[in-house]
Amino acid sequence: MFSAIAFDMLDPVTLIVFAALGGLSFIAVTVAVFKAVQFARLGVGQRKAAEAVLDAWLSDRQDEALRLVAPRRSVLARTLQAVFSALHARPDQPAFAEELGRQTALVELAAMEERMRLLEMVVQAAPMLGLLGTVVGMIEAFSVLSAAGGAVDSAALAGGIWVALTTTAAGLTIALVTYFAASWFEARIDTERTLIEAAISAAIHGRVDASARLG
């Protein structure tokens, strides 16, 4: 749809708006790729490995649990490693282990939330920029109509209005795609936060239900 626009028909302000929307698109794509790679590197969602480690710990196989968790690089594994190390060093101080686990979790979650505000900025800014382009384009189109009196070319006027409206369509498209991407990343972060809290509690206090698992 947008590829059919003749850019020589655009006024400077509309060109600037399209350039800004292109910049927002680039930011959104770059951040989305960065987050996908980061989540993979952080091992987000790797529940089975963490569950195996937790099972070993709760089955009084502490040395095995420490050995299993050491090479793991997932968020859950690093949090459990902090809790296990604290419990191993100070078995009579579960509060210390819980606090150390929560501190580790805060650091991990902060890394996961890195650059998420950029996606939120794109979601909010893209429609506003698109609307600005439409308003400016409509003002330009009707100013031409006013100056020409009754001799205006209706086809040219319609083309000008169409071009003006495409900025809003482009802005909304960018915002919607970015919104869905941001929502998916935020859902993964929320799920990981819940799993971390459950893992810390289970490692220190045990499971209320022996059949309960992480997610």
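The values are calculated or read from the model by the stated rules, or taken from the named source; none is laboratory data. The structure presented is a predicted model; accordingly, all values stated were derived computationally and were not measured. For neighbour counting, all protein chains shown are included, and Cβ atoms are generated from backbone atoms with ideal geometry for every residue, glycine included.
Things worth noting here:
- For first residues located in the stretch 27-39 and under 12 Å from T178 (Cβ atoms), partners that are modelled with pLDDT of 95 or more and hydroxyl-bearing (S, T, Y) and lie 6+ apart or on another chain with Cβ distances below 7 Å form the pairs A28/T178.
- Pairs with Cβ under 7 Å, 6+ apart, first in the stretch 185-208 and closer than 27 Å to R90 by Cα, second charged (D, E, K, R) and assigned to a helix (DSSP H, G or I): L195/R47; I200/E98; I200/R102; I204/E98
- Criterion violated by R207 - all others in (1) closer than 19 Å to A77 by Cβ; (2) modelled with pLDDT under 90; (3) crowded, with 17+ Cβ neighbours inside 10 Å satisfied: (3)
- Any hit, the stretch 94-102, residues being more than 20 Å from the chain's Cα centre (by Cα) and of a type in the set (F, W, Y): yes
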